[in-house]
Structures are given as C-alpha cells and as structure tokens.
Amino acid sequence: MTEKTFSLHGAGDMDTQTLEINIGPQHPSTHGVFRMNVVLDGETIVSLKPVMGYLHRNHEQIAENMSYTGSMPYTDRLDYFNSMSNNFGYAMAVEKLANIEVPERAHYIRIIMAELTRLVNHVSVIGFLLNDLGAFFTPVLYAFREREKILDIFEEVAGARMMCNYLRFGGVKYDLSPEVLARIAGILKKFPKFLEEFETLLTKNEILCMRCQNVGVLPAELAVSASVTGPMLRASGVNYDIRKADNYSLYERFKFRVPLGQKGDVYDRYYVRILEMRESLKILEQAVKEIPAGDIMSKKMVPFLKSPRNFKPPVGEAYARVEAPKGELGYYVVSDGTAQPWRYHVRAPSFINLTILEDLCIGQKVADAIIILGSVDIVLGELDR
Amino acid sequence: MIFGTGILQGLMVTLKNFVTSYFKAPDEGGIFTVEYPEKRLPEKERFRNFPFLLYDKNPENLRCVACDICAKECPPKCIYIVREFDKDGKPLKRPAVFDIDFTVCMNCGICEEACPFDAIYMDHEFEIASADRHAKLLYHRDDLLKSNEYFHKIRPTDASAIDARRREAEEKKKAAEAAALAAQKAKEAAAAQAKPPEPPKPAAGA
C-alpha cells in the first residue's frame, strides 16, 4: 500500500490522466470572445465543448422594439466583416414581407456589393487561418492590403468602411457613380494577379499542406445532417449554393460555377475559398459590364426613407436567405401590421457551422483544433448576436 | 516535385513584395499607408461619423425645430431633446436641450435621413477621444452647432444640393405667399368694387 501511495502516477503501465483546459475566451486564436472547453489526453483531444454567449447583445429583441429600418444598422454588426451581405438578407426578408419590387439597377448594385464583400471575407479569413497556423502576419497583411482597396470603395459609396448601412428596403441608399464603377473594374483587373501571387505563397507550401491536409475531415453526410452551409459544406463536396439553389435577386443572370472540395479537410476549405473568389470575380466582371441605368429605389419606398416609423408591412411572415460568405444567412421576420416586427430571427451561419466543431476535433491534436476553428470561419458578432 | 519547392516559391513572393513595397507606386504594390497624425488621407465626402446641428449665418439661427423625429428614429436612442418655451409658456421652434451621447451613437446616419428640416448631418470629425466620457463625450446643443459653411467645406455636393432645394422651396413658399396675398387683395378689391353698386340695388327694386 505504501509503495502505491508514493509511486509516480501512471508509472509502470503508463496510463495518464486527462487534462481539462480552457482555450479562450481571451485568446487570439478563437477569433473573438469564444471559449473551447477541451479535455486532453496528452495532446489528443478527447472532448471539446464550445462555450459561447460572451458577445450576446440581444440583437433580436432590440430589433423587435425598433422600426424596420432601425435594425438595418444593427445587422451590420452581426458579421462585421460582411455588413453588405447582412444588409442584403434583411432587406430581402422585409421586401418579401411587404411585397416590394426592387429596380434592376439596385439589384445589380446589391450583387456587386455582396460579391465584393465575399472577396473581403474570404481573403481575410485565409489570412487569419494562416495566422492560426503560425505564419504570423505575412499572409494576413497581404490579404488586408487588398481588403483595404475594397473597403475604400465601400467608404466612398456608403460612407463607412465596415458598418455600411447601405441597403434600404426597395433599393439602395446611394447610387454608384461611373468613377466608382471604374475603380471596381480596376480592382477586378488587379485582383486575379494578387490571387495568383497569394496561391504561389500558400497553395503548394509544404508546411501548409502537411498541417492542413487530412485534418478536421468533415464527411458530407455529417455536414448535411448538421445543416452546415457555405464554403464548409461545399468543401465536403456537397453542391449547394443558395445563389444557384434559390436564384435570389438576379443571380440567375450571371454565369459562374460552384467550386467543390473532395475530402472536406481544412485544406479543401482553404482552397474552396480561393476558387470561390475567382468565381466572385467573374460575377463582378459581368455585373460591372452589364449594370443598367435607372432608379436605385422603388418608387413605393422612397417616402419611407424620410419616415421609417410609417413603414408598416402587412400582417404576415417572411423568411429570406442569402449566400453570405460564411454560409446561409437567413432572416425570419413576422409582422403584426405595426411599425415594429413582431418577431425577428437571424439564422446565423457562424453559429450553425460551429455545431460540428467537436466532431471535427476529436482525435486531433490541440494545435489542429485551432486551425479547424480557423477554417470554420466564425465571427462572434454573428455567433452570439 | 522536390520537397521544399513550394516554400521557396513562397519565399520568393515575400521577397518580391518586400522589394516592391519600397520601389513601386502605391497602387502597383507599394506602401499606401500613411503616417497618420502627420499625414492624412483625403476624406471621402460621404464618410459619416457623428452628427452635428446645422445653423445658417449665426448660431442663434439653427435649423432644428425640436420636432423630436430624429430622437424617435435613432436606433440606439442616443439623442435627447427638450423644446424651448418662452416666458409665457408658449412652445418655441427651437431646442432648449439637444444632447447626443457619442458613446452610444453608432454612426448609422438615420437621423440625417429622417430629419425633415435639413438640420442634422453627419460630421467628418473623428478625433474626439477623451479620458472622461461623461464630461467630454456627451455633446450638448452648443457643442454640436456648426455653420452651413463648414457643411459646405466637408460635403460640397450634398450641401449645395440641399441649399438649392431649400432655396427653391423658399422661393416657392414666397411665390405662394405672394400669390395668396395677391389673391386676397384681388378679392378685397373685387369686394370693394362690388360693394358700391349694392346699396342702390334694393332702391332700384323698390
């Protein structure tokens, strides 16, 4: 007995205790205030519990106490990287609710903005993923250099770089001037060259391949059953893009392909995003070339710009979804005929894509958990709402 | 492919970027950041930050009529307005208190959109950092006042469009007033003209 008390733990048969550690909430690799409660056996993950809610700020309840237009700026703050596509989804939901026709030019402007947003998001998420991998700040700064140029356009068009608050029900707030369109065209000319360079830097890099390939494999069945959407789902080889499946706005007019992955590992998720940027560039090129002249606001909605409180959609409910850069972003709005929505709900892709985090991480090493989280592409503003 | 080629190619990219950042123009891959407090980038005209109150000519002549619409439309409810009353308790068309809490304001620009009197606009001023948020970041009416000339300076196209619209509306109003006055006068004149022959009428009938 005495012998057993004084012996080192696990000596002899080498069994070890599991160790429970918290990664986050104040940890740079968690992309915000998010905590992973990880149980480790050595360095291998036995269980992982995501703990969220640190950034919960009552978005849905706030929107239910506000005019419809009033929560438009709040949607900017959901996924603060992609305020334009957040606006897009919300505007579409309310337009569906109130049966508002959107002029063609406004549709084109929205699509241009949404695709520019996709470029911004994908390029920076790849940068952050590389940060998580340990390639400190070289890729992310190259990415941010390109992002900057697009954000300058947002500032010129909408007045703000990130919190754009640009879309309105029935159209957009400001028109695109020919100079801005020319600048967008200039970006489109240079962006493929940058992508080429970015790929030379990353795609064939042996360290990146070794760290990312066959790590965090997401099988297609699991992805579908967990209703994962966006680049994560497509990296697992499921052909599901809401731009194609729903044909919302005027997306059926544009020729583009949906890139798919094969294995669904971290590397596929990285590469699908690169390919998606190329497709976005195609859409942008067509949109900039074909953008028609005309109104940017539906005539019916112009008076409500001045008096948002008087905008009262008829009783009913509507759900509209867009292919946001992170996945299916849906807005569910119920109207009771007053100036405020009776119920307002956001289907946030970050949140739902994160539900499979434990399945991806079990059996992997701690360092892999960080890059798996990076490849899921979460933004805490949207996750916690 | 030999192991390590990808890394070497990647390193070539970083080398190229390192060199071009010194020798190329900003839009060709050179550095386009500026050293902020000394150098500044030109401000975009639509750039919006915090609201300010507009006055014409002198600060007494502010456009705000304390209608409270912006305070009601403001999503985070950062505007607080109290109407001014004169000595007899008659409400005046100007605010006695107009406070904006800049710590709450989220720069959305809905106040500007909703204002029917062109009185509140989004400013370009962003250097408002302060160690005392209660004293320095709660802006009162007099801190918010800025002249129309300033508005013209920061947002020339918007300001001239708004001025043109206001002038037109004023002229229309004046024309309408003049027309109403003329109509009134004509009516009076017609009445005056019609009046003199009236008394003899019954006499003629009788």
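Tabulated results
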read-out: Burial of 40 Å² or greater, region A:203-245 residues [accessible area, probe 1.4 Å, versus chain by itself]; value: A:Lys204, A:Glu206
read-out: Chain-alone versus full-assembly comparison, region B:60-93, residues with accessible loss of at least 30 Å² (1.4 Å probe); value: B:Glu73, B:Pro75
read-out: Longest to shortest principal axis, alpha-carbon extents of the protein assembly as shown, angstrom; value: 139, 61, 52
read-out: Evaluated at q = 0.17, 0.21, 0.22 Å⁻¹: base-10 log I(q)/I(0), Debye formula over Cα of region B:112-175; value: -0.74, -0.98, -1.04
read-out: Tilt relative to chain A, helix A:178-202 - C-alpha long axis, 0 to 90 degrees, to 10; value: 20 degrees
read-out: Residues listed by number, region A:287-308, amide nitrogen under 12 Å from B:Ala161 label point at 7 Å toward C-beta; value: A:296
read-out: Selected from A:Val302, A:Val172, A:Val322 as most flexible by GNM, with chain A as the system and alpha-carbon contacts under 10 Å; value: A:Val302
read-out: Length gained when the stretch A:Asn214-A:Val51 is fully extended (0.36 nm per residue, less Cα-Cα span); value: 56.1 nm
read-out: Complex-versus-alone comparison for region B:104-137, residues with a loss of 50 Å² or more in accessible area, probe 1.4 Å; value: B:Met106, B:Ile110, B:Glu113
read-out: Within the accessible area of region B:1-148 (1.4 Å probe), percent carbon and sulfur; value: 59 percent
read-out: 1.4 Å probe accessible area per residue over the protein assembly as shown, in Å²; value: 49 Å²
read-out: At R0 = 30 Å, FRET efficiency that the Cβ-Cβ distance of A:Leu222 and B:Leu11 yields, to 0.05; value: 0.20
read-out: Helical mean residue ellipticity (222 nm; -39500 (n - 2.57) per DSSP H run of 4+; nearest 500) of chain A; value: -14500 deg cm²/dmol
read-out: Rounded FRET efficiency, nearest 0.05, which uses the C-beta distance separating A:Phe137 from B:Ser147 and R0 of 56 Å; value: 0.80
read-out: On Cα atoms only, tilt of A:366-376 relative to the major axis of chain A in degrees; value: 10 degrees
read-out: Label-reachable residues, region B:102-120, where backbone N falls under 16 Å from a point 7 Å from B:Ser130's Cα toward its Cβ; value: B:102-105
read-out: GNM flexibility winner over chain A from A:Met84, A:Met210, A:Met277 (Cα, springs under 10 Å); value: A:Met210
read-out: Listed residue pairs exceeding 31 Å between alpha carbons, taken from A:Lys300/B:Lys172; A:Lys306/B:Lys187; B:Lys72/B:Lys185; A:Lys173/A:Lys255; A:Lys149/B:Lys153; A:Lys299/B:Lys90; value: A:Lys306/B:Lys187; B:Lys72/B:Lys185; A:Lys299/B:Lys90
read-out: Inter-part distance where region A:45-69 and region A:329-356 are each reduced to a Cα centre, Å; value: 11 Å
read-out: Inter-site label distance for A:Arg253 and B:Glu84 at 7 Å from Cα along Cβ, in nm; value: 5.2 nm
read-out: Contact surface B-A: accessible area buried, both sides summed, square angstrom, 1.4 angstrom probe; value: 3100 Å²
read-out: Candidates B:Ala131, B:Ala159, B:Ala66: whichever shows maximal mean-square fluctuation once chain B is modelled as a Gaussian network with Cα springs under 10 Å; value: B:Ala131
read-out: Rounded Å value of the spacing that divides the Cα centres of region A:240-270 and region B:60-107; value: 49 Å
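The values are calculated or read from the model by the stated rules, or taken from the named source; none is laboratory data. Just so you know, these numbers come straight off a predicted model, no measurement behind them. Heads up, the Cβs are rebuilt from the backbone with ideal geometry, glycines too, and the neighbour counts pull from every protein chain shown. Accessible surface is based on the protein model in full, side chains and every heavy atom, while ligands, DNA and RNA are left aside. Shrake-Rupley method; radii C 1.70, N 1.55, O 1.52, S 1.80 Å.
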